[in-house]
Amino acid sequence: MKNVLVTGGTVFASRYTAEYYVKKGYHVYVLNRNSKAQPAGVTLIEADRHHLGDKLRDFHFDIIFDITAYTASDIELLLHAVGSYEDYFFISSSAVYPEYGPQPFCEHTKLGVNKFWGKYGTDKIEAEKILQKRDPNAYILRPPYLYGPMNNVYREAFVFECALNNRKFYLPREGQLRLQFLHIHDLCRFMDTLLEQKPARHIFNVGNKKTVSVRDWAALCYKIAGKDAEFVNVSGEIEQRNFFSFYNYEYCLDVTEQERLMPETRSLEEGLRESFEWYLNNSDAVNKKSYIEYIDTHFI
């Protein structure tokens, strides 16, 4: 039985990862401050990852899944604190690519400041650099928008809420903006694939091959909720993040290298159905934004 460490373990990507590997029969340790409910079947290491002391000194992990590192310091502190390990996975971000770069973004695209993501993206760049320096065999994954069960970010949950309350859906610029997604289960599946195949490449874009317009994405969310979407187009200079879940930023990752190793990903409809089923019982776990209040104040 493999011993694995998941940083975090209580919210969305890290929680799903922890539960995924518990189901595989691994001995899963989670590292967090114990401020939220823990997943079933894990062993808690209660600590702040920025003040680890000797909490990890006596552990050997077969795999570290670092889901909650945002900065170079986060990486360095964990590597300094852990006793030993075999494989390391760092979940980086597509935010490392500058918005003006040629698309679709390939793994070898020059990294730089993205004006939409700012410091979040540049911090991820520095985290990648220090990890590559300290452990050249570590795997770095760059996903687009993650979705699926346990997603506490107000994205598909926002659309589900509008649908269930029979609200019209307000779309920026006729809804032609295209987005790229990856189901959280596919992220875990791909990490399994890398563990099995151990490719020489260590940095991968990950995501669905096809992008989707926000109009089609919202319509699918309504359909899954058993409703027909009625859209209202919002044009002009209104900042769309006031009433919509995404920046006015369209990008696409080249996921050819992922496809060579894992050709299939979950269909968006199947993935959103899973998201909806989770949402119905966990709507209070979503970090809601004031989009509906803004719409009611400014558009109605």
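The values are calculated or read from the model by the stated rules, or taken from the named source; none is laboratory data. Values in this document were obtained by computation on a predicted structure and should not be read as measured data. Note: ideal-geometry Cβ built from the backbone for every residue, glycine included; neighbour counts use all protein chains shown. Side chains included, ligands, DNA and RNA excluded: accessible areas come from the protein's heavy atoms. Shrake-Rupley method; radii C 1.70, N 1.55, O 1.52, S 1.80 Å.
Around the amide H of residue 85, modelled in the peptide plane, lie the amide H atoms of 61, all under 5 Å away and 5 or more residues distant in sequence or on another chain. Shown in residue order for segment 100-108 are the 3J(HN,Hα) couplings computed by the Karplus curve 6.51 cos²θ - 1.76 cosθ + 1.60 at θ = phi - 60°: 8, x, x, 10, x, 5, 9, 4, 8 Hz (x for Gly and Pro). Once you order the gyration tensor axes a ≥ b ≥ c over the Cα atoms, which shape class does segment 1-159 get: rounded for a/c under 1.5, otherwise prolate or oblate by comparing a/b with b/c? It comes out oblate by the Cα gyration axes.
For segment 50-193, what does the relative contact order come out to in percent, with C-alpha contacts under 8 Å and a separation of six or more? Relative contact order for segment 50-193 comes out at 22 percent. The order of 1, 150, 191 by accessible area, most exposed first and with a 1.4 Å probe, is 1, 150, 191.
Annotation: amide H-H contacts under 5 Å for residue 30 (H modelled 1.01 Å from N, sequence separation of 5 or more, or interchain): 6, 43, 44, 45. Here the dipole of the chain is about 120 debye; that uses its Cα centre as origin and unit charges on the Cβ of Lys and Arg (positive) and Asp and Glu (negative). A cut-off of 5 Å between modelled amide H atoms, ignoring neighbours fewer than 5 places along the same chain, links residue 252 with 105. Beta bridges per DSSP, both residues in the chain: antiparallel share near 10 percent. For segment 1-90, the alpha carbon positions stretch 30, 27, 20 Å along the principal axes, listed from largest to smallest. So what is the 222 nm mean residue ellipticity for the chain from helices alone, if each DSSP H run of at least 4 adds -39500 (n - 2.57) and you divide by all residues, rounding to the nearest 500 deg cm²/dmol? Mean residue ellipticity, 222 nm, calculated: -10500 deg cm²/dmol. The mean sequence separation of alpha-carbon pairs under 8 Å and at least six residues apart, normalised by the residue count of segment 56-127, gives a relative contact order of 35 percent.
Take the alpha carbon gyration tensor of segment 237-290, find the square roots of its eigenvalues, order them as a ≥ b ≥ c, and report rounded if a/c is under 1.5; if not, report prolate when a/b exceeds b/c, else oblate. Cα axes put segment 237-290 in the oblate bin. Residues 156, 230, sorted by accessible area with the largest first, give 230, 156 [1.4 Å probe; ligands and nucleic acids excluded].
Rounded, prolate or oblate: which fits segment 121-181, taking a ≥ b ≥ c as square roots of the Cα gyration tensor eigenvalues, rounded meaning a/c under 1.5, else prolate when a/b beats b/c? Note, shape of segment 121-181 comes out prolate. Note that segment 80-96 has calculated 3J(HN,Hα) couplings of 5, 7, 6, x, 6, 7, 9, 10, 10, 10, 10, 8, 8, 6, 5, 5, 6 Hz, one per residue in order, obtained from phi through the Karplus relation 6.51 cos²θ - 1.76 cosθ + 1.60 (θ = phi - 60°); glycine and proline are x.
Between residue 164 and residue 62, full extension at 0.36 nm per residue minus the direct alpha carbon distance yields a gain of 32.3 nm. For the residue pairs 36/223; 24/55; 2/23; 168/288; 133/198, alpha carbon separations beyond 24 Å are given by 36/223; 24/55. Note on residue 134/residue 110: beta-carbon distance plugged into 1/(1 + (r/R0)^6) with R0 of 30 Å gives a FRET efficiency of 0.85.
In the set [x] 31, 23, 20; [y] 33, 22, 18; [z] 31, 27, 17, the label that goes with semi-axes √(5λ) of the Cα gyration tensor in Å computed for this structure is [y]. Pairs of Cα atoms nearer than 8 Å and 6+ residues apart set the relative contact order; for the chain it is 17 percent. Available extension along the chain between residue 231 and residue 23 is 70.8 nm, counting 0.36 nm per residue and deducting the alpha carbon span.
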